Amino acid sequence: MKFLFLNGVNLNMTGTREKGVYGVQSLEDINAEITAYFNYDTCEFYQSNSEGEICTQIQKAEEEEFDGIILNAGAFTHYSYAIRDAIASVDIPVIEVHMSNVHAREEFRHKSVISEVCKGVICGFGKYSYILAGEALTLLIANKDQTV
Ligand code: DQA
């Protein structure tokens, strides 16, 4: 199994920004825990503050035959039609994740322009949102012949 964990804008500040919301661990530490948790052939991690770069990584993941993408697009989630179109353009499943429960926060975070083109959404479980999304993708791929 080959998964891409893709993080968007400001996620590089995890561990130092809004610690009460996103926790005290850095993204590097969280990624190391994800690698230790999953025993896949490939867990790749990429973070960018650039919207276009996130689109490029989504396109590349399909070209490089990744089995799926776990995407925390950060604030891009709420307004990026470019990322939405990039997700819609690829055939591999994309799971939308958020560490915080966006529905329990400010109104502007309640709207996601990418949910509609994602396979599913997981939010509110801190760093475990990534692991839960990885588990969901694993189940989906293992049972892809079954309609859910
Ligand atoms: C976030 C939630 C977004 O609303 C916010 O802009 C982020 C992080 C989360 O992981 O909870 O940067 O995606």
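The values are calculated or read from the model by the stated rules, or taken from the named source; none is laboratory data. Remember, it's a predicted structure, so these values are computed and weren't measured experimentally. All Cβ positions, glycine included, derive from the backbone under ideal geometry; neighbour counts span all protein chains shown.
Worth a mention:
- Qualifying residue in region 78-95 (condition: closer than 19 Å to Cys123 by Cβ, part of a strand (DSSP E or B) and within 15 Å of the ligand (Cβ to nearest atom)): yes
- Applying a threshold of 6 Å to beta carbon distances and a minimum spacing of six or more residues, or different chains, the list of pairs starting in region 126-145 at a residue that is farther than 17 Å from Phe66 by Cα and ending at one that is small (Gly, Ala, Ser) reads Gly126/Gly23.
- Checked against (1) basic (Lys, Arg); (2) in contact with a helix residue (DSSP H, G or I) (Cβ under 7 Å, 6 or more places away or on another chain); (3) more than 16 Å from the ligand (Cβ to nearest atom), Lys60 passes all but a single condition, namely (2).
- Qualifying residue in region 1-13 (condition: more than 15 Å from the ligand (Cβ to nearest atom), in contact with a Pro (Cβ under 6 Å, 6 or more places away or on another chain) and either within 18 Å of Tyr128 (Cα to Cα) or modelled with pLDDT of 95 or more (or both)): no
- When each of Phe66, Phe76, Phe38 is tested for being in contact with a Gly (Cβ under 6 Å, 6 or more places away or on another chain), over 19 Å from Asn12 (Cα atoms) and crowded, with 17+ Cβ neighbours inside 10 Å, the lone residue that passes is Phe38.
- Ile131 being in a strand (DSSP E or B), aliphatic (A, V, I, L, M) and within 15 Å of the ligand (Cβ to nearest atom): no
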